[in-house]
Every structure is written in C-alpha cells, then in structure tokens.
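These notes concern the structure reproduced below.
Please treat every number below as a calculation from the coordinates, not as lab data. Predicted model only: the values in this text are computed from it and were never measured. Glycine also receives a Cβ, built like all others from the backbone with ideal geometry; neighbour counts cover every protein chain displayed.
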Amino acid sequence: MPRRLPVRRDRAHLRIAVATALLATGLTACSSAPAENSGSGNPVAGGTLNVMRANPFEGFELDKQTLNSSFQISDAVLEPLIRAGADGKTLEPGLAASWSYNAGNTVLTLKLQPDAVFSDGTPVTAEDVVFSAETWKSGSNYGATYAVIAKAKAVDEHTVEFRLAYPDTALPAFLSWSSAGVVPDDFGGKPAKEFWQKPVGAGAFTVEKWSANGEVVLKKNPRYWRDGLPHLDQVVSTFAADPNTIGLRLRSGQADMADEIWAVTASTLPKEYVKSQPEHLTPVLLMNTEDPALADPKVRQAIGYALDYSALVTSAYKGFGTVPSGALPTNSKNWAAPSKPYFAHDPAKAKSLLGTAGPAKLTLHYANDPSSGLVAQIVQRNLGAVGVTVELQSGDASSTFATVSGGDYQLGMFSYNAISPDVSDPAWYVAGTRSMFTGLNPDPLVAALGDYAGTDDVKAKAAAVTRVQDILFEQAPFLALAHVSALEGQRTVVKGAEITPWGTYYLDTVWKSE
C-alpha cells in the first residue's frame with residue numbers, strides 16, 4: 001500500500017479552524033479495565049522482543065513525533081492519561097483511572113492512578129499533569145489541539161481539572177495520543193533538551209538507548225503501576241527501510257514482529273505470520289485544485305470514475321482491503337457513508353465528464369516504494385484509457401511529501417488514518433491541511449464538523465459526517481483509493497499484541513511463548 005509519507009500530522013492543527021468542540025459520544029467518562037490479553041495460554045515473563053520498523057524513530061520530544069512507530073515507542077515510556085482500545089472505537093484508563101465532565105462540558109476532571117510512579121520512583125501527581133498540559137500546549141505542531149485547556153488545576157494530589165475555553169467532549173480521545181504523554185513537573189529538574197534525550201516516564205519501559213535510524217532499546221520498568229506488566233524484559237526496535245530485509249529477518253527469526261509491513265511483503269510471508277486489522281488505513285490520490293488543469297470539480301470527478309478500484313485492491317494491496325465506500329477512513333467511531341454511492345470504475349462516465357476540455361497530460365508524484373509504484377502504474381493506465389496521459393515522477397518519501405505538502409504538484413499520493421477513536425480525528429486532519437494539501441477551501445468541512453460538535457444526537461452526528469463525505473465526493477479534492485488493513489508481521493511465538501485498526505499496539509501486554 002502507499003505508505004503515509006513521513007509526517008503524521010505535520011504542522012497542521014486539527015482544530016485550528018474553529019473554536020468549537022469535537023463531540024464524541026460516549027467519551028465523557030470511563031471506568032473500564034484494560035483489555036484482556038489476547039494471547040493464548042498464560043503469559044510468560046521475561047525475554048526480548050525484537051521488532052523491525054519501516055520508519056525512523058523521531059525521538060521522545062512529544063511535539064516532534066509524527067509517525068506511528070514513534071507514537072508506539074513513546075507511549076511505552078511516557079504513558080498518556082488515557083489509552084485507545086484495540087478496537088479503535090473505545091477508550092481505556094491510562095494514568096487517569098477515570099474522567100468525567102461537568103454539566104456544561106467545560107470542566108474535565110481526571111482521577112489519577114493512586115499507585116502510579118515515574119520510573120525513578122517519584123509518585124505521579126496532579127502537579128505533574130498540570131506541567132505536562134502546559135508542555136503539550138506550547139508545542140508548535142500539536143499545541144493547538146490542546147489549546148482548549150484554558151487552565152489546568154491540581155485539586156488534590158491525585159485529581160486534576162482541565163478548565164476548558166469552550167465545551168469539548170472529544171478531549172479524552174486526544175489525550176490518548178502519544179503527544180499527551182505525562183512528564184515530571186519541571187522535567188524532574190533537568191533542562192528540557194537533556195530530559196528528552198533520556199526521559200523519565202511512568203510507562204512500562206525505560207530508555208536504555210536510541211537512535212533515529214538504528215536501534216531503540218527499552219528495558220522493563222520494575223515500578224510500572226499495572227500489576228504483572230510488562231511481561232517482557234526488553235524491547236529492541238530496529239529500523240530497516242528495505243521491505244526485503246524486513247521479510248527475511250522475520251522469516252529467519254531474527255525479528256519477532258515487523259510493524260506496518262507492505263502488502264507486497266505480507267503476500268510473501270507465511271499466512272500465520274501476517275496479522276491484518278479491520279480495513280481503516282485510507283490511501284488517497286490527491287488533486288491540486290489550484291492547478292488550472294484540475295480546477296474544475298467535473299475533471300476531478302471524472303478521474304474518480306476512471307480508476308479501477310478493484311484492480312487497486314487485488315494488485316497493489318494484494319487483497320488486504322476493500323474498494324472505497326467514502327473519503328473518510330472506515331471502522332472509526334461515528335463513521336457514516338456519503339448520501340450517494342462513492343466513485344466506482346465507470347470509464348464511459350469519466351469520458352462524459354471530461355468532455356473535450358479535459359487535461360491532455362498530468363504528472364503524478366509518488367514515493368518509490370513497491371506498493372506505490374503499482375498504484376501509480378494502475379492510475380497511469382486507467383487515465384490513459386480515458387484520454388489523459390500521466391507522467392510518473394517518483395522520489396524518496398521525504399522529498400515526495402515536501403512536494404505534495406508544498407502544493408507543487410498536480411497529482412500526488414498520500415495515506416491517512418485516525419490515531420484516536422473517533423471519525424472526527426481524520427476529518428479534522430483533512431480540514432486542518434487545506435483539504436489534504438489540495439488547496440480546496442475547507443470552510444464547508446469546518447461548518448459540518450462544527451455541527452457534529454454541537455450535538456449529542458446520534459442521527460444528527462451521522463448527518464454531519466455524511467455532509468463531510470458529500471463535500472469530499474462532490475468537490476473531489478482527493479480520491480480514496482481503498483480502505484486497507486494495517487498489516488503486522490508477527491511470528492507465532494508472539495502473544496498479546498492488541499493491534500488497533502491504524503496499526504499500533506501497547507508493548508506492555510506483549511509476551512513470547514518461548
């Protein structure tokens with residue numbers, strides 16, 4: 001599949017466009033226990049988990065993390081207040097044992113785990129959370145997400161209040177992001193730069209060593225607050241950009257797990273080594289609406305009808321997905337379909353929409369990975385069949401992202417997903433990035449999301465999501481190419497990895513049977 005280019009949230013702020021809340025039904029309180037361990041048999045304590053990752057590690061500074069691999073490693077050390085359930089639709093306690101709102105949804109009160117301590121033995125207190133909240137808000141990347149917290153107040157040692165600038169019942173979902181990891185007050189007396197190099201957190205693991213393009217070594221935190229966890233003594237996460245290397249090491253046993261593997265890699269592995277999640281990751285074809293050749297929505301719709309989505313699923317994604325049913329990622333809480341069927345392969349309709357004024361030639365920028373190359377070839381072939389010549393321009397992931405996010409393209413490839421349990425998460429990402437770097441005015445999207453925020457009624461919320469889907473269908477600034485599964489390479493000795501639809505998992509529940 002086309003990988004998300006190496007910026008998960010970039011500098012886009014999900015809620016920068018309006019001062020209204022995201023409203024996520026059912027996220028106002030939580031008293032559930034952590035999910036059952038999904039491994040078979042009794043967990044075995046000890047051992048080292050060797051993980052391969054396809055992306056660099058961006059370090060522990062919370063505001064600088066953009067990749068799923070960085071989120072996962074950071075969560076293991078700097079645990080957030082709340083955790084996302086493996087189903088991608090629920091929330092579970094983290095360092096916050098429970099949380100609740102006042103009647104007007106303007107004060108969020110969190111009760112901390114009474115036994116939680118940092119890895120140096122210092123108790124986790126409300127003052128630490130107050131300092132952490134100010135740290136989140138000061139970030140240039142994610143600060144706008146937490147700006148709704150007008151004031152954080154320590155009520156007592158284990159109770160903290162977030163007094164909000166406006167009603168915001170979605171905040172608990174965003175407190176499950178790794179960008180909301182809890183750190184000691186005043187960084188434990190260390191300069192911030194020194195702290196981020198080897199942070200002290202309240203997570204299941206401590207930092208032994210790390211490098212961006214090499215190994216990250218995590219050691220078991222013996223003071224972790226969850227009884228009996230973590231099971232592992234050590235986690236070693238190694239970067240390898242080459243999918244062939246990842247596959248070979250997994251088959252040979254040098255690696256126990258391989259995160260975010262390509263569909264083409266998965267297709268070469270033994271079936272029992274491939275764990276696929278409910279279809280959620282959504283690769284997209286971006287169309288620069290500010291380019292004269294693509295300024296007409298009919299041209300963009302024509303491209304939507306020119307594409308053979310079944311061929312994309314079977315060829316580029318090796319069957320690990322479904323044809324798109326809307327622009328927003330599926331298997332998200334409160335997802336709703338567009339009011340009309342989404343784009344399907346209809347070359348005759350594409351030709352009719354193009355008429356005689358359609359572009360004769362377009363250029364497609366894509367990352368030079370195996371799946372993206374297959375997608376690009378199919379797009380080129382499909383558009384050629386309706387009279388549009390496509391020139392292919394490939395590059396490394398970083399340079400391709402810079403081209404696309406900078407608006408210097410006609411057609412581009414990208415991929416997105418939620419990282420918290422609500423469909424408004426990816427929808428706000430679209431709005432906050434000028435309709436996913438396409439240049440389309442996001443105001444209609446923002447208005448629909450504002451309506452979503454302003455109601456508790458399930459039907460009204462669904463109607464608002466449908467409006468978002470309809471806008472993205474009618475204006476077609478980008479096209480969902482498929483909804484695909486997050487794929488994890490996992491040897492059979494690995495148990496207890498509870499993987500979300502977007503492909504991350506918490507390391508504390510993982511164990512090895514030998």
Checked the stretch 134-293 against the a/c 1.5 cut and the a/b vs b/c comparison, axes a ≥ b ≥ c from its Cα gyration tensor; verdict oblate
Subtracting the Cα-Cα distance of Ser100 and Ala165 from 0.36 nm times their residue separation yields 21.7 nm
Taking every DSSP bridge whose two residues both lie in the stretch 282-484, the antiparallel percent to the nearest 5 is 55
Relative contact order as a percentage, the stretch 282-484, C-alpha pairs under 8 Å and 6+ apart, gives 39
Between the modelled labels at Thr122 and Val493 (7 Å from Cα along Cα→Cβ) the distance in nm is 3.8
Placing +1 on each Lys and Arg Cβ and -1 on each Asp and Glu Cβ in the stretch 367-443, then taking the dipole about the Cα centre, the residue among Ile378, Trp428, Thr400 whose Cα reaches farthest towards the positive end is Ile378
Looks like the chain, by Cα gyration tensor root eigenvalues a ≥ b ≥ c and the a/c under 1.5 rounded cutoff (else prolate when a/b is bigger than b/c, oblate otherwise), is oblate
Taking a label point 7 Å from the Cα of Asp87 along Cα-to-Cβ, the residues of the stretch 489-514 whose backbone nitrogen sits under 13 Å from it are 501
Of 353-365, 250-262, ordering from highest average Cβ density within 10 Å down gives 250-262, 353-365
Here the net charge surrounding Asp185, from other residues whose Cβ is less than 9 Å away from its Cβ (Lys, Arg +1; Asp, Glu -1), is -3
Counting only DSSP beta bridges with both partners in the chain, the antiparallel fraction in percent, to the nearest 5, comes to 75
Dipole check, the chain, charges on Cβ (K,R +1; D,E -1), about Cα centroid: among Ala295, Ile82, Leu472 the Cα furthest to the positive pole belongs to Ala295
If the chain between Asp457 and Thr389 were fully extended at 0.36 nm per residue, the gain over the current Cα-Cα distance would be 19.7 nm
To the nearest 20 debye, the stretch 336-443 has a Cα-centred charge dipole, built from +1 on Lys and Arg Cβ and -1 on Asp and Glu Cβ, of 480
Answer in debye to the nearest 20: the dipole magnitude of the stretch 293-395 about its Cα centre, from +1 Lys/Arg and -1 Asp/Glu charges placed on Cβ, is 220
Magnitude of the Cβ-charge dipole (Lys and Arg +1, Asp and Glu -1) of the stretch 282-484 about the Cα centre, nearest 20 debye, reported as 500
Taking the alpha-carbon centre of each part, the distance from the stretch 48-98 to the stretch 376-454 in Å is 25
So for R0 = 25 Å, FRET eff. of Ser325-Asp346 from the Cβ-Cβ r, to 0.05, ends up at 0.95
Computed D for the stretch 381-514, Stokes-Einstein, Kirkwood radius over alpha-carbon pairs, 10 °C, 1.306 mPa s, to the nearest µm² per second, is 88
Rounded to one decimal in nm, the spacing of the 7 Å Cα→Cβ label points at Ala337 and Asp115 is 4.8
Net charge near Ala293 (other residues with Cβ under 11 Å of its Cβ; Lys, Arg +1; Asp, Glu -1) is -1
Of the listed pairs Lys89/Lys209; Lys193/Lys220; Lys64/Lys151; Lys190/Lys220, those with alpha carbons more than 29 Å apart are Lys89/Lys209
Cα-only Rg/Rh for the stretch 282-484 with Kirkwood Rh rounds to 0.95
Ordered by fewest other Cβ atoms within 10 Å, a rough proxy for footprinting exposure, Glu58, Glu290, Glu279 read Glu290, Glu58, Glu279
Stretched fully, the stretch from Ser513 through Lys209 gains (0.36 nm per residue minus C-alpha distance, one decimal, in nm) 106.8 nm
